[in-house]
1. So which residues in region B:294-327 are in contact (Cβ under 8 Å) with a residue 40 or more places away in the chain and within 21 Å of A:Ile241 (Cβ to Cβ), if there are any at all?
2. What helices (runs of 4 or more DSSP H) completely inside region B:230-305 contain at least 1 residues that are among the acidic types (Asp, Glu)?
3. Mind telling me which of the residues B:Gly39, B:Gly71, B:Gly52, B:Gly57 ends up being within 31 Å of the chain's Cα centre (by Cα) and not assigned by TED's automatic domain parsing to the domain that holds B:Val176?
4. Tell me, please, whether a residue that is closer than 30 Å to B:Ile186 by Cβ and touching a residue at least 40 places away in the same chain (Cβ under 8 Å) can be found in region A:198-217.
5. Just give me the residues in region A:343-354 being open to solvent by 10 Å² or more (accessible area, probe 1.4 Å) and either more than 9 Å from chain B (Cβ to nearest Cβ) or under 24 Å from B:Pro101 (Cβ atoms) (or both), in sequence order.
6. Please work out which one of (1) away from chain A (no Cβ under 14 Å); (2) open to solvent by 50 Å² or more (accessible area, probe 1.4 Å); (3) free of Cβ contacts under 8 Å to residues at least 60 places away in the same chain is the condition B:Gly247 fails and give its number.
7. Pull out all pairs, ordered by first then second residue, where Cβ-Cβ is under 6 Å, the residues are six or more apart or on different chains, the first lies in region A:325-341 and is at the interface with another protein chain (Cβ under 7 Å from one of its Cβ atoms) and closer than 14 Å to B:Met109 by Cβ, and the second is modelled with pLDDT under 95 and in a helix (DSSP H, G or I).
8. What are the residues in region B:198-217 that are more than 9 Å from chain A (Cβ to nearest Cβ), touching a Lys or Arg at 6+ places or on another chain (Cβ under 9 Å) and either assigned to a strand (DSSP E or B) or under 30 Å from A:Asn165 (Cα atoms) (or both), if any?
Amino acid sequence: MAPKLPPQPPLQHSTTAVADGQSHGHAAPPKGIFRWLLTTNHKEIGSLYLIFSLTMFFIGGIFALVVRAELFQPGLQLVEPEFFNQMTTMHGLIMVFGAVMPAFTGLANWMIPLQIGAPDMALPRLNNFSFWLLPVSFTLLLSTLLMPGGGPNFGWTFYAPLSTNFAPPSTTFFILALHIAGISSILGAINIIATILNMRAPGMRLMDMPLFVWTWLITAFLLIAVMPVLAGVITMMLMDINFGTSFFDAAGGGDPVLFQHLFWFFGHPEVYIMILPAFGIVSAIIPTFARKPLFGYASMVYATAAIALLSFLVWAHHMFIVGLPLVAELFFMYSTMLIAVPTGVKVFNWVTTLFRGSISFESPMLFALAFVVLFTIGGFSGLMLAIAPADFQYHDTYFVVAHFHYVLVPGAIFAIMAGVYYWLPKWTGHYPNEKLAQWHFWFSIIGVNLTFFPMHFAGLAGMPRRIPDYALQFADFNLLSSIGAFFFGASQLLFVLGVILCVRGGKKAPAKAWEGAEDLEWTVPSPAPLHTFETPPVFHRTSH
Amino acid sequence: MRSRWWLMAVSLAASGSQAQTNGWNMPVGVTDVSSDIYGLHMTIFWICVVIGLVVFGAMFYSLFRYRHSKGAKAAHFHEHTSVEVLWTAIPILILVGMAVPATATLKNMYDSSDAELDVMITGQQWRWRYEYLGEDVAFTSNMSTPRTQISGEETRGEHYLLEVDEPLVLPINRKVRFLMTSDDVIHSWWVPDLAVKQDTIPGFINENWVKINEPGIYRGQCAELCGIDHGFMPVVVHAVEEEEFDGWLAERKEAAEQEAMGVDREWAMDELVERGESVYQSICSSCHQAEGQGSPPAFPALANNEQLINDVDWHLDRVVNGVSGAAMPAFRSTLNPVEIAAVVTYTRNAWGNDTGDVVQPSAVAELIAQ
């Protein structure tokens, strides 16, 4: 091991010597593939997560484009319904478990130790293991597409008995893949909790932590609480398929609705797992570019915790039309409507942070502002969906598809991209090309709205989701959505280009890359050397 | 029969179309419940619009007014307890205001008591079966859009994918209770103009009800992913005046009795093949394909299928009892003995399967009775 270095003063200009991951005074890491297979460094593992997530984002995106190409006009032109169903299913699974979740874990790996002044994650080897489970899981999942009978074709929600008695033979592999991804998530969550609770810089209380750390702490508890439920439900499926049990088979005394209760008890907190860290990122970026402290830090923390607690009490709002008793409908309607309260508090806080600030519009800020507006629109449609009687009309239509894509694409994914543009100077030592990033932003914002806004109308007009062909009155909406989807998909190549260019060079970034940035990560040099905070920094309490 | 429906469709188009043709928003529909739901939908929509205008207005004002590029100096306030309490309390009040009418509507939707007619709706991959309980009238309803329109070889009609061979016929002004279940996977029976969407779940019987105010033709679709033909499982409801409905029901009862008697008589091969072809095209061809070529491995070919050609009992057993663990359902309760005999006879004598076998409805009835 290297000798302990004294605390370094922040460097104003980076040195390229550390850009290739070599840090002075440390033993040279293994070369080539083994360096990445064996790494226990939180920054390298963070990068692996992010690269993996970006790859999955494009694979899942291509699946979505197959779907949108088929729906470009009425009739069956390109694919058979069987393959269409595999595409919708795989798109959902890949985006949820392969793109969004690993992207947040990657950001957590990179940024949590830097933001709390820790030298690394608490459990570095476990960290390595939880990452490398993912390529295994998703290779297995994608390989089902090549198996006889095809891959999963029952939607990402895999409702039994369509996913058990009526499923293709590859379903057992799908279950195994999901088990592995679930283990990866649980281990990652344990690691994050251990890191946050044990390794904060001396003097940093919980209520001093940046909100990204807070939201991730709460998210990690959600993960630990619900991933085992997912594991349970897919194990029950496995038993039904292979071992003759009848958990979900009515003919054997089982209960298909039980599947949905279990799935959504996992699934609803899962939705917040995909959005809470986004709240954290946006809560870091908006104050930075408004040059003003975040308004209502404490209420942000409480609102996040409230959303997390409520997420355990609302699952059956996904099941308003399965025939729940009236009391249950009412309970889940009220509890779901309540979620609007803490979510509203967050939006009000962001807007008030902007009020009387000194605002500039760099690319991270643009994505964060778009997040606030478009996520809120997704929240509005969510509030509409919460009204149980109206949900009898909305349920399983494109209105729902529009809703959750608004909270996930310009919600979660825009927040991830905002975070990437925000922290790229810290990771690479270079600013991303601002002009390219702005083009990426404006193309994305046009593409995302063109794709998903018409879906509201298609759904209200009566178009069910997950159909490969549709009645003629839905043709115009689908045409627009398909054009938007291809436009959005293509413009994401600008993102990749921007990231690659930024890694290779660009305007040098100082340690404090953004004028208004306050958190601890901006006290280490840019690019952050492989090892940081080997001696804990002294934490000075700022305004909150 | 068909031409009469067609006439009725034209005559009702004026009254029915008004509710259906608004292509941008939720239909107001033709029941009291559907217009209540529409009202809730529009109320919550306008609440969201107003909140949106206020929040985004404040946001864009700040973005414009406090630009760094215009030399704005940042203030440093970061909390204000009374404002925070206020913007927690106001949304709660709005939500309570919204919950009250929603609760009332929901209670009404759950009250299926005092129905004058019970209809059992059974979802099957990929058709609906309707049974007028206590009336001995039952039939299945299949999509009637030809596959050639889907593939684009033929021009698509006005009601592309939303037309069926046998619509559900309901009286207006009478409370009709639906009992809903499924024979295989979960489906969801949905007609937007009636504001009825309810999952049909194997092993469960769900209830819903409708009281239609205006005669018309109301179209919908299966709303829950149920396999490859999920998109081709439309619902069509013909709502007719009460007297017309009573006449229709009596006619169907009589026809059902005729059909039941048909089981006992000897059928000629031509009759069976003709009947069987129509059954095949509406029920079997979605999986086994129009020319019996199948779509292996999930859906085996029937044309030149050695086992099928050699063993008539095996063939009949598959149709009557289904294949457990595969997609082939049991048709013993879905099709009547005449239809089963006809479709088996047809498949044994079509596409080069020249077995010359004739299966009589009486033999099928005996097999089902065992």
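The values are calculated or read from the model by the stated rules, or taken from the named source; none is laboratory data. In this text, all values refer to a predicted model and were calculated from it rather than measured experimentally. Cβ placement follows ideal geometry from the backbone for every residue including glycine, while neighbour counts extend to all protein chains displayed. Areas reflect the complete protein model, heavy atoms only, side chains present, ligands, DNA and RNA absent. Shrake-Rupley method; radii C 1.70, N 1.55, O 1.52, S 1.80 Å.
1. Selection gives B:Ala327 alone.
2. On the way: elements: B:242-262, B:269-279, B:285-288.
Where helices (runs of 4 or more DSSP H) fall fully within region B:230-305 and carry at least 1 residues being among the acidic types (Asp, Glu), they are B:242-262, B:269-279.
3. Numbers: B:Gly71 fails: within 31 Å of the chain's Cα centre (by Cα); B:Gly52 fails: within 31 Å of the chain's Cα centre (by Cα); B:Gly57 fails: within 31 Å of the chain's Cα centre (by Cα).
Going through B:Gly39, B:Gly71, B:Gly52, B:Gly57 in turn, just one is within 31 Å of the chain's Cα centre (by Cα) and not assigned by TED's automatic domain parsing to the domain that holds B:Val176: B:Gly39.
4. So in region A:198-217, the residues closer than 30 Å to B:Ile186 by Cβ come out as none.
So far as region A:198-217 goes, no, none of its residues is closer than 30 Å to B:Ile186 by Cβ and touching a residue at least 40 places away in the same chain (Cβ under 8 Å).
5. Hits for region A:343-354 are A:Thr343, A:Gly344.
6. (2)
7. Close Cβ pairs satisfying both conditions: none exist.
8. Initial filter on region B:198-217 (more than 9 Å from chain A (Cβ to nearest Cβ)): B:200, B:209-217.
After this cut, where a residue has to be touching a Lys or Arg at 6+ places or on another chain (Cβ under 9 Å) as well, the list is B:209-212.
Matches in region B:198-217: B:Trp209, B:Val210, B:Ile212.
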